[in-house]
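Please treat every number below as a calculation from the coordinates, not as lab data. Predicted model, so just to flag it, every value in this text is computed and none were measured. Counting neighbours? That spans all protein chains shown, and the Cβs are built from the backbone with ideal geometry, glycine included.
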Amino acid sequence: MAVTGGGPRRTLGRMDWIVEHTPQRLVVQLGAMFPHSATCVFDKTTGRARFERKLFFLPRKTIDVALGEIAGFDVMEVGPPLNSFDPRVTLASGRRFFLSPAMTREETRAVARAVRAFLGLAP
């Protein structure tokens, strides 16, 4: 973990956001302890994806879908004054839901690229 300014900083270069990456399984942890976070498990062995999200320490409803149902994993970027960069999962049904971002816009984009590559989605 790199240290900058006032404390530790998570960096994707050291694969801190990607907890596990094997040919059959990808586990990604996004966000921060507060106010929101998400753990995403993509498992080719079971053919399922599981999204566990928390908001203000409270667990939100877990989303469990077939890998084949995931049609997109994109970063939705909004410029000033919000400057947000939230990952969005789009299912084949058209349903969409957002996940917590990584620390920076570039790290969030890199996580999205890794997820798309793992799932065989277009870059």
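Data overview
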| read-out | value |
| --- | --- |
| Taking the convex hull of Cα positions in the chain, its mean projected area over all directions (nm²) | 8.2 nm² |
| Net length gained if the chain between Thr22 and Asp43 were fully extended (0.36 nm per residue, minus Cα distance) | 6.6 nm |
| Cβ-placed point charges (K, R +1; D, E -1), dipole of the chain about Cα centre in debye, nearest 20 | 140 debye |
| Point-to-point label distance, Met76-Glu106, nm (Cα→Cβ direction, 7 Å offset) | 2.5 nm |
| Within segment 48-123, trypsin sites (Lys or Arg not before Pro) in DSSP loop having at most 14 other beta-carbon neighbours inside 10 Å | Arg60, Lys61, Arg95 |
| Residue range of the chain that is longest and free of chymotrypsin sites (Phe, Trp or Tyr not before Pro) which are both DSSP loop and sparsely packed (at most 10 other C-beta within 10 Å) | 58-123 |
| Degrees separating the helix 105-119 axis from the principal Cα axis of the chain, which is the longest one | 20 degrees |
| Residue order, fewest to most surrounding Cβ atoms within 10 angstrom, among Leu55, Leu99 | Leu55, Leu99 |
